[in-house]
1. Examine region 16-34 for a residue that is touching a residue at least 40 places away in the same chain (Cβ under 8 Å), over 29 Å from H237 (Cβ atoms) and not basic (K, R), and state whether such a residue exists.
2. State whether the residues of region 158-171 include one that is open to solvent by 30 Å² or more (accessible area, probe 1.4 Å) and within 16 Å of the chain's Cα centre (by Cα).
3. Would you be able to tell me the number of residues in region 253-295 that are at pLDDT 95 or above, within 23 Å of I227 (Cα to Cα) and aliphatic (A, V, I, L, M)?
4. Can you name the condition, by its number, that M1 falls short on among (1) within 19 Å of the chain's Cα centre (by Cα); (2) modelled with pLDDT under 95?
5. Identify the residue in region 145-156 that is farther than 18 Å from S103 by Cβ and touching a residue at least 24 places away in the same chain (Cβ under 8 Å) and, among all such residues, is most open to solvent (accessible area, probe 1.4 Å).
6. Working carefully through the options L250, L259, L264, L234, find the one that is free of Cβ contacts under 8 Å to residues at least 24 places away in the same chain and open to solvent by less than 60 Å² (accessible area, probe 1.4 Å).
7. From the residues in region 253-283 that are of a type in the set (D, E) and in a loop (DSSP other than H, G, I, E, B), which one is farthest from V209 (Cα to Cα)?
8. For region 201-223, state whether one or more residues are in a helix (DSSP H, G or I), in contact with a Leu (Cβ under 9 Å, 6 or more places away or on another chain) and not aromatic (F, W, Y).
Amino acid sequence: MDIAQKINVFVQLGDSINKFSEEQKRALGQMIKLKNEWFTRENLDLTLQGLQQYLNRENLEKWLGKYPSLFAKEAATPKKVGIVMAGNIPAVGFHDLLSVVMSGHILHAKLSSKDQVLMQELIRMLIEIAPELKEQIVITEKLKGIEALIATGSDNSARYFEAYFGHLPHIIRKNRSSVAVLDGKETEAELGLLSNDIFQYFGLGCRNVSKLFVPQEYKFDPFFEAIHPWGETLLMHSKYCNNYEYYRALFLMKKMFVLDNNFLILAEYDSMDSPVGVMFFERYTDEAELKQKLAQHQDKIQVVVSKPGLVHNSVGFGNAQTPHLWDYADGVDTMAFLTRL
């Protein structure tokens with residue numbers, strides 16, 4: 001298949017997702033939640049909306065147009081590319097699958113046990129649309145005979161990947177999280193959008209905001225008022241509640257000063273990656289100190305969220321979970337890596 005044919009296939013996949021009936025989404029959502037309680041119907045809907053945005057013809061052509069070699073008549077020799085997929089949010093490994101298929105290489109996918117149902121269904125739909133892709137997409141439990149690797153996991157698993165696959169061309173992604181920078185002049189609407197960046201997917205994604213940088217004299221009352229609508233949804237989810245209650249008890253035992261609105265704990269802490277139910281924050285005195293703090297943690301930051309113009313290369317409030325196809329994880333161009341193999 002040439003690149004134009006592949007674009008057509010993925011556009012058809014997007015159209016098929018768009019045509020899911022409520023009954024189909026309900027049945028799929030129930031199967032997914034049986035395997036992973038974090039993957040609620042609301043989170044499935046968010047994921048399907050994001051996939052439709054990915055699989056828009058204009059977006060696909062704009063993305064792939066950056067790589068002229070993909071359109072060459074003489075195709076490169078396909079390599080076996082192993083993909084170790086994460087499972088923190090639904091279909092988080094789909095972009096890697098899309099990239100490998102579009103690049104013409106052979107995908108050997110090790111699916112996360114936490115996200116098998118949706119990924120398997122998307123692959124089934126793809127092969128139904130284009131049966132020839134069956135030879136290009138292999139689901140496996142063990143990566144054997146691969147010639148390159150793209151792996152996403154924790155800092156600990158990254159050491160394992162380096163030890164076993166470091167001799168191959170590779171992209172190995174480690175722990176990252178996202179931050180928001182506030183200046184105290186945000187509107188209620190902006191803080192409401194920020195609450196989506198924090199709580200969508202229960203905060204489990206690397207693009208979820210898990211830390212706030214705020215001015216020295218910042219008052220959190222407007223922030224708590226803006227996030228209040230999320231309380232009912234979060235408190236209805238037992239795993240979120242258990243996390244929140246555990247950390248509230250832990251902070252009480254340690255006699256640490258925290259701010260608490262009965263579904264989110266705010267703790268002043270220099271770490272970047274806060275647990276579910278907790279939001280860390282740091283104060284800054286001026287722009288120079290803020291830049292220093294962000295630079296200090298740049299290898300751990302996936303996205304910076306702020307109002308326009310406040311921080312260079314930040315994304316606007318409410319946009320953390322809606323990346324474009326060309327917004328690569330960890331800032332590493334996956335497609336450039338694949339086209340060089």
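The values are calculated or read from the model by the stated rules, or taken from the named source; none is laboratory data. Everything numeric in this text was worked out from a predicted model, so none of it was measured. As a convention, Cβ positions derive from the backbone with ideal geometry for all residues, glycine included, and neighbour counts pool all protein chains shown. These area figures cover heavy atoms from the full protein model, side chains too; ligands, DNA and RNA do not enter into them. Shrake-Rupley method; radii C 1.70, N 1.55, O 1.52, S 1.80 Å.
1. yes
2. No, because not a single residue in region 158-171 is open to solvent by 30 Å² or more (accessible area, probe 1.4 Å) and within 16 Å of the chain's Cα centre (by Cα).
3. Here the count works out to 9.
4. Every condition holds for M1 apart from (1).
5. Only one residue fits best here, namely G145.
6. Working: L259 fails: free of Cβ contacts under 8 Å to residues at least 24 places away in the same chain; L264 fails: free of Cβ contacts under 8 Å to residues at least 24 places away in the same chain; L234 fails: free of Cβ contacts under 8 Å to residues at least 24 places away in the same chain.
Only one candidate qualifies: L250.
7. From region 253-283, those of a type in the set (D, E) are 260, 268, 270, 273, 282; that's our starting set.
Next, only the ones that are in a loop (DSSP other than H, G, I, E, B) stay: 270, 273.
Details: D270: 15, D273: 9 Å.
Residue satisfying both the conditions and the ranking: D270.
8. First pass over region 201-223, keeping only residues in a helix (DSSP H, G or I): 201-203, 221-223.
Narrowing the set further to residues that are in contact with a Leu (Cβ under 9 Å, 6 or more places away or on another chain) leaves 201-202, 222-223.
Next, only the ones that are not aromatic (F, W, Y) stay: 222.
The answer is yes; a qualifying residue exists.
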